[in-house]
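Colleague: Pasting a structure below so you can have a look.
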Amino acid sequence: MSKANKSKYALLGMLSLSPMSGYTIKKTISRSLGHFWHESYPQIYPTLKQLEAEGLTTSTMDKQEGRPDSLVYSLTERGWEELQRWLERPFEYQVERHELLLKLFFAGIAPASLSIEHVRRHRAVQAQALQTYGQIEAELKTMQPQHANLPYWLMTLSYGKHIMRAQLAWCDETLAALEHIAAEEAKK
């Protein structure tokens with residue numbers, strides 16, 4: 001299944017939460033799914049038009065004072081059914097593209113100090129993400145304690161927290177190895 005098709009289901013899922021404009025979808029994805037799924041405006045707007053053409057959504061014009069009018073999309077019955085069918089299908093594994101690992105794979109031709117800086121930077125980002133996930137979890141539990149989707153939202157946060165902890169452990173292990181390599185380089 002292509003990324004565009006997966007974008008279709010990300011948008012259907014967002015619209016299952018409430019009717020939204022393309023702008024609101026992007027903002028909501030950034031605050032929620034954005035830790036594991038990204039959609040850009042060039043993906044969102046054509047996909048919304050496609051969903052409407054397929055009869056999976058409808059749109060109404062929302063007239064706003066002082067701001068441009070916007071189309072607000074809602075799921076149709078067919079949209080709900082399509083989202084449900086997609087949820088029932090097995091997911092596809094995707095190969096992650098990770099530039100840090102690509103750089104490390106070829107790092108033997110550069111000083112280890114460069115790789116140390118890359119890994120330290122990566123570690124700082126992962127530590128910040130872990131802290132952010134903890135804050136998001138606390139906010140959700142406080143602001144949405146009775147929401148039917150809360151257990152599922154917490155599951156995705158738990159996944160992220162586990163990944164971040166594993167990343168931090170990997171960074172520490174890798175930094176120790178790289179520092180050993182740097183020490184050997186310094187002897188030469």
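Colleague: Say we look at segment 70-95 and pick out the residues that are touching a Gly at 6+ places or on another chain (Cβ under 9 Å), assigned to a strand (DSSP E or B) and not polar (S, T, N, Q); which of these is farthest from residue 20 (Cα to Cα)?
Modeller: 71
Colleague: In the list 64, 135, which residue meets the criterion of being surrounded by fewer than 11 Cβ atoms within 10 Å (Cβ to Cβ) and assigned by TED's automatic domain parsing to the domain that holds residue 154?
Modeller: Working: 64 fails: assigned by TED's automatic domain parsing to the domain that holds residue 154.
Sole residue among the options that is surrounded by fewer than 11 Cβ atoms within 10 Å (Cβ to Cβ) and assigned by TED's automatic domain parsing to the domain that holds residue 154: 135.
Colleague: Inspect segment 78-85 for any residue being of a type in the set (Lys, Arg) and more than 21 Å from residue 31 (Cα to Cα) and give the result as yes or no. Step through it out loud before you land on a result.
Modeller: Applying the first criterion (of a type in the set (Lys, Arg)) to segment 78-85 yields 78, 85.
Still in the running and more than 21 Å from residue 31 (Cα to Cα): 78, 85.
Scanning segment 78-85, I find at least one residue that is of a type in the set (Lys, Arg) and more than 21 Å from residue 31 (Cα to Cα), so the answer is yes.
Colleague: In the set 176, 124, 166, which member is loosely packed, with under 11 Cβ neighbours inside 10 Å, modelled with pLDDT of 95 or more and not polar (S, T, N, Q)?
Modeller: On the way: 124 fails: loosely packed, with under 11 Cβ neighbours inside 10 Å; 166 fails: loosely packed, with under 11 Cβ neighbours inside 10 Å.
When all the criteria are applied, what remains is 176.
Colleague: Within segment 35-49, restricting attention to residues that are outside any helix (DSSP H, G or I) and either under 9 Å from the mean Cα position of the chain (by Cα) or not assigned by TED's automatic domain parsing to the domain that holds residue 73 (or both), which residue is modelled with the lowest pLDDT?
Modeller: The initial filter retains those residues of segment 35-49 that are outside any helix (DSSP H, G or I), namely 36-40.
Imposing the further condition that a residue be either under 9 Å from the mean Cα position of the chain (by Cα) or not assigned by TED's automatic domain parsing to the domain that holds residue 73 (or both) reduces the set to 36-39.
Numbers: 36: 86, 37: 90, 38: 89, 39: 92.
So the residue we want is 36.
Colleague: Looking for something farther than 26 Å from residue 144 by Cα and within 24 Å of the chain's Cα centre (by Cα) - is there at least one such residue anywhere in segment 13-32? Before the answer, list the steps.
Modeller: Looking only at segment 13-32, we keep the residues that are farther than 26 Å from residue 144 by Cα, and these are none.
No, segment 13-32 has no match at all.
Colleague: Residue check, residue 67 against (1) assigned to a helix (DSSP H, G or I); (2) without any contact (Cβ under 8 Å) to a residue 40 or more places away in the chain, all met but one. Which one?
Modeller: All conditions pass for residue 67, except number (1).
Colleague: Need a quick list: helices (runs of 4 or more DSSP H) entirely within segment 96-188 having at least 3 residues that are in contact (Cβ under 8 Å) with a residue 60 or more places away in the chain. Before the answer, list the steps.
Modeller: Working: elements: 99-105, 112-143, 150-187.
Once the helices (runs of 4 or more DSSP H) in segment 96-188 are filtered for at least 3 residues that are in contact (Cβ under 8 Å) with a residue 60 or more places away in the chain, what remains is 112-143, 150-187.
Colleague: Go through (1) among the hydroxyl-bearing types (Ser, Thr, Tyr); (2) modelled with pLDDT of 90 or more; (3) closer than 30 Å to residue 16 by Cβ and name the single condition residue 115 misses.
Modeller: That leaves (3) as the condition not met.
The values are calculated or read from the model by the stated rules, or taken from the named source; none is laboratory data. The structure presented is a predicted model; accordingly, all values stated were derived computationally and were not measured. Please note: Cβ atoms are built from the backbone with ideal geometry, for glycine as well, and neighbour counts cover all protein chains shown.
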